[in-house]
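All of the numbers you see were taken from the coordinates with simple rules; none came from a lab. Fair warning: this is a prediction, and the values are worked out from it, not measured in the lab. Cβ sites come from the backbone with ideal geometry, for glycine too, and all protein chains shown count toward neighbours.
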Amino acid sequence: MRIAIFCPNYPPASQEGGISHYTQRLAHNIQDIGQRVFIVTGDDYSGNGTDGDIRVMQYPGNWGRQTIRKMASELKSHGIDLVNLQYSPPMYPLSFKMAWPYMTKQFTSSVSFHTLWGGSKLNYLTGVTLLRSAHAVIATNSEITYLLRRYLPFFLRKTYFIPIGANIEPREDHGSMDSLAAKYGLDLKIPILAFFGMMYYGKGMKLLFETARHLRQRHNIDFQLVIIGGGISDDPVYHQELERLALKLEIKDRVLWTGQIPAPEVSAILSLSVLVLLPFASGASDRRGSLLAALAHGKPIVTTRPLIPIPLFRNGANMLWPGTNTSEALAELTLEVLQNNRLRQELSRGALDLANRSAWPLIARETVACFRKELKKA
């Protein structure tokens with residue numbers, strides 16, 4: 001089977017995010033089980049046209065109807081059997097989203113929804129257009145299935161729930177931890193609390209810093225809060241806002257910024273951390289690759305209450321969240337984890353057990369099974 005996967009910022013790219021990393025992991029794992037993968041990407045891509053054995057096809061400019069026709073013609077010349085669109089509303093211009101149904105008339109098509117809609121009523125319209133035209137819908141998280149069940153249940157008949165996996169998996173080749181500590185200024189004598197992921201409004205950075213302030217001032221806990229992340233967080237204006245906030249809350253000397261760093265070093269710092277703090281403003285979700293990465297590393301996780309029920313998320317068993325998403329409550333839970341070795345071990349075991357249910361080989365097999373089923377219908 002020959003599969004074309006669309007992702008405008010496929011790595012390497014200047015604005016890589018969770019979806020671009022997910023797409024790369026998915027593509028390689030699908031290729032590993034004997035399928036041929038082509039990537040369709042845009043201006044932001046800075047590679048050389050190949051990613052291992054994967055062909056990367058770059059289309060510059062503002063994608064629209066003419067671009068889609070060109071894409072379809074070239075994909076046919078490569079014998080593509082099925083196209084898959086990795087989708088979140090901000091990733092594509094309106095002209096492309098409205099023209100996508102043309103592609104679905106040329107190929108068996110699937111859309112992997114990471115976000116259904118948001119931002120404007122127009123995104124609702126384009127979301128419904130994509131749902132209608134797709135032969136298969138892949139819900140990559142529980143929020144998608146929740147919204148479909150509540151508002152658009154007639155699309156559930158062609159929906160497959162295939163959750164994402166960790167965007168950074170544990171590495172065995174960490175090398176010298178002392179060298180790593182020296183490189184990034186890590187203090188191995190005190191507990192390391194980690195935050196991992198791209199930083200932008202909605203990620204809960206204010207809540208994170210306020211939690212750190214309570215730990216230090218109210219509970220007198222010494223720690224180092226390591227912010228692992230890059231991409232959007234490299235925006236100097238937003239980064240300066242966060243630095244001013246850290247200074248105002250009197251925790252600047254306890255916060256360490258790594259910026260965007262190689263995956264093995266992310267894994268090493270996660271491994272060194274006592275726990276991972278992920279106070280998402282919108283609540284814990286199985287759409288967060290950073291949370292999945294913390295689970296894969298077997299780390300105790302303190303996060304915020306999910307907005308919707310997520311059956312596999314068990315408070316106190318594989319992660320921990322407070323009854324109310326306040327910095328005071330998060331600090332109390334963090335303190336409890338730091339002081340209770342048995343609780344840390346239980347959360348670690350629960351995290352690893354949950355991570356095993358979203359391993360990449362399983363995700364690839366389920367995705368290919370979905371594609372095969374749709375091709376048989378065609």
| request: Using only Cα atoms, locate the centre of region 139-212 and the centre of region 30-53, then give the distance between them in Å, rounded to an integer. | output: 24
| request: May I ask you to list the lysines whose Cα is less than 22 Å away from that of K121, ignoring any residue fewer than eight positions away on the same chain? | output: K97
| query | Share of antiparallel DSSP beta bridges in the chain, in percent to the nearest 5? | reply | 5
| query | Which residues' amide hydrogens lie under 5 Å from the amide hydrogen of D51, considering only partners 5 or more residues apart or on another chain, with H built in the peptide plane? | reply | V56
| request: Could you sort 294-303, 77-86 so that the peptide with the highest average Cβ count within 10 Å comes first and the rest follow in order? | output: 294-303, 77-86
| Roughly what would the spin-label model give for M177 and R55, points 7 Å off Cα along C-beta, in nm? | 4.6
| task | Evaluate the relative contact order of region 177-356 (contact order divided by residue number), counting alpha-carbon pairs under 8 angstrom at least 6 apart; express in whole percent. | result | 23
| request: Could I have the simple spin-label model distance between R244 and R150, label points 7 Å from Cα toward Cβ, reported in nm to one decimal? | output: 3.5
| query | What distance in nm separates the simple spin-label points at K70 and E346, each placed 7 Å from Cα in the Cβ direction? | reply | 5.9
| Per-residue [θ]222 nm for the chain (sum of -39500 (n - 2.57) over DSSP H runs n ≥ 4, rounded to 500) | -13500 deg cm²/dmol
